[in-house]
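In what follows, a single structure is set out as structure tokens and then discussed.
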Amino acid sequence: MFEFDAELHEIPEKGGAYVVFPWNIRDVFGKGRQKVHVEFDGIAYEGSIVNMGLKDEQGNVVYMIGVLKSIRQSLGKKDGDRIHVVVNPV
């Protein structure tokens with residue numbers, strides 16, 4: 001299990017949003033995509049940790065988990081808000 005607080009990042013031109021998974025999943029899981037069960041502030045979601053081509057300031061790959069619009073609306077969360085994330089690999 002992985003548990004952390006993260007900033008919500010919205011992608012206005014695509015209508016989506018994500019949180020950054022703060023570990024390198026290739027190191028942790030041995031692959032570049034991992035199916036997961038996630039709870040965002042207690043709301044359950046089934047999805048994947050993925051690389052969508054983003055890199056941090058040091059050039060490291062950024063892995064992310066999408067946050068559905070319905071979940072953001074239920075939580076009243078928007079871009080820049082903090083969210084508590086619990087991740088379990090499937």
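Where a number appears in this text, it was derived from the coordinates with a stated rule and is not lab data. Being a predicted model, the structure only gives us computed values, none of them experimental. Note that each Cβ is placed from the backbone with ideal geometry, even for glycine, and that neighbours are counted across all protein chains shown.
Take the residues in the range 33-84 that are in contact (Cβ under 8 Å) with a residue 60 or more places away in the chain and under 14 Å from Ala17 (Cα atoms); name whichever of them is surrounded by the fewest Cβ atoms within 10 Å (Cβ to Cβ).
The first filter runs over the range 33-84 and keeps only residues in contact (Cβ under 8 Å) with a residue 60 or more places away in the chain, leaving 72, 77-84.
With under 14 Å from Ala17 (Cα atoms) added as a condition, the list becomes 72, 77-83.
Numbers: Arg72: 20, Lys77: 18, Lys78: 11, Asp79: 12, Gly80: 9, Asp81: 15, Arg82: 12, Ile83: 19.
Taking the candidates together, the pick is Gly80.
Of the residues Pro22, Pro89, which single one is under 10 Å from the mean Cα position of the chain (by Cα), surrounded by fewer than 17 Cβ atoms within 10 Å (Cβ to Cβ) and closer than 15 Å to Met1 by Cβ?
On the way: Pro89 fails: under 10 Å from the mean Cα position of the chain (by Cα).
Just a single option satisfies the conditions, and that option is Pro22.
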